[in-house]
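Remarks on the structure that follows.
Nothing in this text is a laboratory measurement; each read-out follows from the coordinates by a stated rule. Owing to the predicted nature of the structure, the values given are computational and were not obtained by experimental measurement. Glycine gets a Cβ as well: all are built from the backbone with ideal geometry, and neighbour counts include every protein chain shown.
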Amino acid sequence: MTDTQPTMPQPEEPPRRLTRSTTDSLIGGVAGGIGRHLNVDPLAIRITFVILTFAGGLGIIAYLLCLIFVPTDDPSAPPLKWGLARTLGAGLLAVAALAILIPDWAWGPAVPLLAVAGAIVYLLIRMVRDDGGSHAGRVAARIAIGIVLLALAVGGFVGAAAGSALGGGIVVAGLVTACGVGLVGGAFRGGARWLIAPALLLALPLAAVAATDLDVRGTWGERTFRPATVAELAGGYEMGLGSMRVDLRELDFPAGRTELPLEIGMGEIQVLVPRNLCVTTDADVGAGAVNIGDGEQGGIDLDVTDERRVAPGVANLHLIADVGVGAVHVGDRLFEWDGPGRWRDDGFDAMETGTSRLACLGAA
Amino acid sequence: MTPRPGYDPGSLVSGIVVIVLGALLLLDQADVLELRAEYMLPAVIAAVGGVLLACGLAGPPRGRS
């Protein structure tokens with residue numbers, strides 16, 4: 001026999017309302033609130049916001065909307081704090097700058113890769129957090145996180161250097177400034193010293209690139225230029241990265257000054273000139289070496305000017321060389337640069353100072 | 001015991017230093033300033049030194065002993 005007991009009517013639960021968490025909060029408690037509402041780990045929500053930020057700033061926009069329209073779970077809490085507003089303002093400025101400067105980044109191929117990387121990072125952090133895992137497993141997870149962080153650091157450093165040298169210095173400098181604004185904003189919310197690492201990782205390579213005026217935009221590789229006439233020299237030659245050889249040995253230089261502008265971002269410039277030609281040079285090298293016949297000069301921020309006196313009516317080639325990182329060499333035969341102060345001597349014969357000087361005086 | 005301020009001085013000073021460095025780099029990249037190595041290297045060294053000094057003097061961030 002079964003007796004059915006009347007069931008007591010249960011009070012109907014009020015519908016769960018999405019609120020921002022005041023107990024699980026890194027910035028505004030949005031991820032903590034969403035995670036609680038959906039019964040999902042807030043860490044996964046945070047990683048998703050970060051990944052979506054690389055999709056045209058969608059992550060930050062969505063976060064901002066939640067911040068504005070989703071109420072906090074503590075009615076007595078103030079709606080927004082100044083530190084938070086500053087942090088968000090900096091984030092918005094960074095997104096706006098990136099969106100303007102790199103319009104193709106929205107929904108680019110980086111997003112799926114970031115999604116995979118985010119999932120791996122999430123799993124690793126969970127492994128470290130979980131108390132139930134084995135000690136060896138947690139150690140392995142920590143090592144893996146260390147490797148991921150190291151890879152991110154190296155990638156960020158190299159990426160910042162390459163991006164700066166390829167003309168993206170303004171973006172990198174903007175990110176450095178945004179990190180600084182984030183640090184100031186975060187100082188009033190318990191500190192955000194972790195931002196120091198990315199700020200310096202971005203600033204140091206950019207500073208090196210800026211100090212050397214390194215710009216590798218343009219042609220890459222090994223190029224040899226053999227102009228047929230002196231008139232072709234007027235426009236000069238320009239390369240981004242590699243080895244530029246300008247062979248002028250077959251040219252018949254007219255009397256007077258002929259200027260030749262040469263520019264390379266990273267690499268070496270070799271200028272082959274006819275023997276006994278009066279050559280003067282104005283070389284600006286960010287970091288590297290210059291050998292124009294008076295011996296090699298090397299170092300950082302080189303500005304080598306060789307404006308010797310040129311007698312009237314003498315054919316004079318005036319080189320205006322601009323090198324970011326690398327070397328400039330002037331000679332009348334082929335040569336190879338093997339590093340600071342070392343020139344491979346197979347056939348090498350630099351311009352002899354005395355020969356060029358005599359030529360400039362019209363005596364060679 | 002001296003009460004700790006309501007903000008993290010290490011983050012604050014580091015942030016100001018990084019902002020100044022970022023602004024210098026931004027102006028250089030925008031060709032407003034021409035920062036050669038003789039100015040840039042000391043600026044970077046000073047920035048890194050300032051950050052380390054600020055964090056060292058400020059002690060651990062709030063919430064950590």
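Annotation: amide H-H contacts under 5 Å for A:Ala327 (H modelled 1.01 Å from N, sequence separation of 5 or more, or interchain): A:Gly267, A:Glu268, A:Ile269, A:Ala289.
For A:Val246, nonlocal amide neighbours, meaning residues 5 or more places apart or on other chains whose placed amide H falls under 5 Å from its own, are A:Phe225, A:Gln270, A:Val271, A:Leu272. For region A:234-243, 3J(HN,Hα) computed residue by residue from phi via the Karplus equation (6.51, -1.76, 1.60; θ = phi - 60°) reads 4, x, x, 9, 9, 9, x, 8, x, 10 Hz, glycine and proline entered as x.
Where the centroid of each part is defined by its Cα atoms, how far is region A:236-281 from region A:173-191 in Å? That distance is 48 Å.
Summing charges over neighbours of A:Leu166, with a neighbour being any other residue whose Cβ is under 11 Å away from its Cβ, gives 0 when K and R count +1 and D and E count -1. For the peptide A:207-214, the mean number of other protein chain Cβ atoms found within 10 angstrom of a residue's Cβ is 6.
The phi-based Karplus calculation (6.51 cos²θ - 1.76 cosθ + 1.60; θ = phi - 60°) puts the 3J(HN,Hα) values of region A:196-208 at 4, 4, x, 4, 6, 4, 8, 6, 5, x, 5, 4, 5 Hz, whole numbers, x for Gly and Pro.
The gain in end-to-end length when the A:Glu232 to A:Val158 segment is fully stretched comes to 22.9 nm, 0.36 nm per residue minus the alpha carbon separation. With each label modelled as a point 7 angstrom along the Cα→C-beta vector, the A:Glu307-A:Asp252 pair spans 3.2 nm. For A:Val139 and A:Thr23, the FRET efficiency from 1/(1 + (r/R0)^6), where r spans their Cβ atoms and R0 equals 35 Å, is about 0.70.
Neighbouring Cβ atoms from other chains, within 10 Å of the Cβ of residues in A:164-177, number 4 on average. In order along region A:310-327, phi translates into HN-Hα couplings of 10, 5, x, x, 8, 6, 10, 9, 10, 8, 10, 9, 10, 10, x, 10, x, 9 Hz, rounded to whole numbers, per the Karplus curve 6.51 cos²θ - 1.76 cosθ + 1.60 with θ = phi - 60° and x for Gly and Pro. Under 5 Å from the amide H of A:Gly240 lie the amide H atoms of A:Thr219, A:Trp220, A:Gly265, each residue being 5 or more positions distant or on a separate chain, with H modelled from the backbone and absent for Pro and chain starts.
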